[in-house]
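The values are calculated or read from the model by the stated rules, or taken from the named source; none is laboratory data. Owing to the predicted nature of the structure, the values given are computational and were not obtained by experimental measurement. Because the Cβ atoms are built from the backbone with ideal geometry, glycine has one as well, and the counts that use them run over all protein chains shown.
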Amino acid sequence: MRSVYGVKSKESGCGLGVDPICRGPKVCNFNCTYCRLGRGGMMVSKRSKFIAEEDLANDFMEHISDAEIDHITFRGTGEPLLAENLGDIVGALRKLTDKKMSVITNCTLLNEDDALSEILKFDIIIAKIDAATETTFQRVNRPYGEIHLNDVITGAKRARETFKGEFHVKTTLVGHNIGEVNDIAATIRDLDPKIIHIDMPTMPNTGRPLTKKDYEAVEKAFRGMDAVFEESG
């Protein structure tokens, strides 16, 4: 598997994705119903080293040499913070580029001081929040072991209070959680993010299909916030 790959979006332009896990189909502490990697893979809760920062840096150089990039996003085959050398990877790439680096995280590990200190090395944190109640959290995100919604919220709050860069939130809305969109929006509003990324994918096993009224409800719930609707299949 490639640890570095091209990404493109209308919001961010051309960039590179960095995968500090690099294990197929995925290694994560969530098994979200909407996951683009499917429902298989290894569920873990403890951090490990999956790829050496030197190897990832070499892969990065192969890509950056023939592509003009706008940004670098850490995501991939699982929760990025499960990589215990995440901070070292960021440090290695900082020597190779001055582009802004963002990370998408489910926030559960941000209650650990070492993980929190490593995520502060990024320019942008994108916190994932998909639920406002424990029941919906368990149904949509399907966490591994004894992980609860409160772990996500407290982790996000710790990052928000400590981080000096841009703090964003991403929420994925599907049939299983669209009914509490107002409460999800309120939870996100309390975190005062600079930007909210809203994804509303059309996928099987995620509840009823979303309707025009659902989209209108989402627009109303996030009114007054800087929300970006992401393209999704």
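How about the range 88-102: which of its residues are surrounded by 15 or more Cβ atoms within 10 Å (Cβ to Cβ), farther than 22 Å from R189 by Cβ and not charged (D, E, K, R)? Even if it seems obvious, please write down each step before you answer.
Restricting attention to the range 88-102, the residues satisfying the condition of being surrounded by 15 or more Cβ atoms within 10 Å (Cβ to Cβ) are 88-90, 92-93, 99-102.
From what is left, the residues that are farther than 22 Å from R189 by Cβ are 88-90, 92-93, 99-101.
Listed by number, the residues that qualify are I89, V90, A92, L93, M101.
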Selected residue (only one of A156, A127, A132, A115 is surrounded by 15 or more Cβ atoms within 10 Å (Cβ to Cβ), assigned to a loop (DSSP other than H, G, I, E, B) and not aromatic (F, W, Y)): A132
How many residues, within the range 191-211, are of a type in the set (K, R) and modelled with pLDDT of 95 or more? 1
When residues of the range 164-191 are filtered for being surrounded by fewer than 23 Cβ atoms within 10 Å (Cβ to Cβ), touching a strand residue (DSSP E or B) at 6+ places or on another chain (Cβ under 7 Å) and not in a loop (DSSP other than H, G, I, E, B), how many remain? 5
Can you confirm whether G145 is surrounded by fewer than 19 Cβ atoms within 10 Å (Cβ to Cβ), over 14 Å from the mean Cα position of the chain (by Cα) and in contact (Cβ under 8 Å) with a residue 60 or more places away in the chain? yes
Those residues of the range 80-98 that are closer than 20 Å to D55 by Cβ, without any contact (Cβ under 8 Å) to a residue 60 or more places away in the chain and outside any helix (DSSP H, G or I) come to a total of 4
Residue pairs, Cβ under 8 Å, 6 or more apart or interchain, first in the range 201-228 and under 14 Å from V181 (Cα atoms) and free of Cβ contacts under 8 Å to residues at least 60 places away in the same chain, second β-branched (V, I, T) and part of a loop (DSSP other than H, G, I, E, B). List them. L210/V174; L210/T202
If I ask for residues that are in contact with a Leu (Cβ under 7 Å, 6 or more places away or on another chain) and either modelled with pLDDT under 95 or not basic (K, R) (or both), which ones from the range 134-161 would you list? E134, F137, G155, A156, A159
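Kindly indicate the residue of the range 49-65 that is assigned to a helix (DSSP H, G or I), aliphatic (A, V, I, L, M) and under 22 Å from the mean Cα position of the chain (by Cα) and also nearest to G78 (Cα to Cα) among those meeting that condition.
Of the residues in the range 49-65, the ones assigned to a helix (DSSP H, G or I) are 53-64.
Applying the additional criterion that residues be aliphatic (A, V, I, L, M) yields 56-57, 61, 64.
Keeping just the survivors that are under 22 Å from the mean Cα position of the chain (by Cα) gives 56-57.
On the way: L56: 16, A57: 19 Å.
Only one residue fits best here, namely L56.
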Conditions (1) farther than 16 Å from A115 by Cβ; (2) surrounded by fewer than 14 Cβ atoms within 10 Å (Cβ to Cβ); (3) at pLDDT 95 or above; number of the one not met by R39: (3)
